[in-house]
Each structure stands twice: as structure tokens, then as C-alpha cells.
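Undergrad: Next up is a structure, given as C-alpha cells.
We did not get these values from a lab; they are worked out from the coordinates using the rules stated. If you're wondering where the values come from, they're calculated on a predicted model, not measured in any experiment. As a convention, Cβ positions derive from the backbone with ideal geometry for all residues, glycine included, and neighbour counts pool all protein chains shown.
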Amino acid sequence: MLAIRLTSDMESRLDRLARRTGRTKTFYAREALLRYMEDMEDEYIALERLKTPGKRWTQEELEQGVDLDDRVGR
């Protein structure tokens, strides 16, 4: 369970959106959090990969059709 405080402006906007669409405020709060979390997870994965990059293939290797799974870790 999570309780959050919204500004009056955010609460009004959320209320209007829910009324216009026939969905609940909870639905939109959940959707907003899911989208935000997906973006943040992607960002953290990208940052981690920049810190510890894995194997990279050249365009030539890709065009030759090298077995990428077989080359990982070598």
C-alpha cells in the first residue's frame, strides 16, 4: 500500500481526467508509475552498461553473420 500527497493542481487534473474517461484516479496513478518506472529501469540499465560495457561487434562481424551467442564471453 502506498499513500502519496498531490498538489491541489495535480489532484484537480487527475480528477478531471478520471471523470472525462470514466476511469479511476487509481488507474491513472498506477499507469503513471508503471511508465515512469519502466523509463527509470531502462535508464539505470543503460548507465550500468556504460560503466561495465560488454562485448561489442563490428559492422563487418554482423554482416558476416557471426554466431553472436557463441562469441559472448570470449
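Undergrad: Compute the acute angle (0 to 90°) between the alpha-carbon long axis of helix 25-51 and the principal axis of greatest extent of the alpha-carbon atoms of the chain; round to the nearest 10°.
TA: Value to nearest ten degrees: 30.
Undergrad: Out of these labelled values of volume of the Cα convex hull per residue in Å³, [x] 126; [y] 206; [z] 72, which was calculated from the coordinates shown here?
TA: It is the one labelled [y].
Undergrad: Next question, about the same structure. Have a look at Leu47, Leu33, Leu62 and tell me which one the Gaussian network model of the chain (Cα, springs below 10 Å) gives the largest fluctuation.
TA: Leu62
Undergrad: If you don't mind, another one. Rank Arg35, Arg16, Arg56 by mean-square fluctuation in a GNM of the chain with C-alpha springs under 10 angstrom and give only the top-ranked residue.
TA: Answer for the Gaussian network model of the chain: Arg56.
Undergrad: Expressed in nm to one decimal, what extension gain is obtained for the pair Asp67 and Ala3 from 0.36 nm per residue of sequence separation less their Cα-Cα distance?
TA: Contour length minus Cα-Cα distance gives 18.1 nm.
Undergrad: Lys/Arg Cβ at +1, Asp/Glu Cβ at -1, dipole of the chain taken about the Cα centre: which of Ile45, Tyr28, Met10 is farthest positive-ward?
TA: Met10
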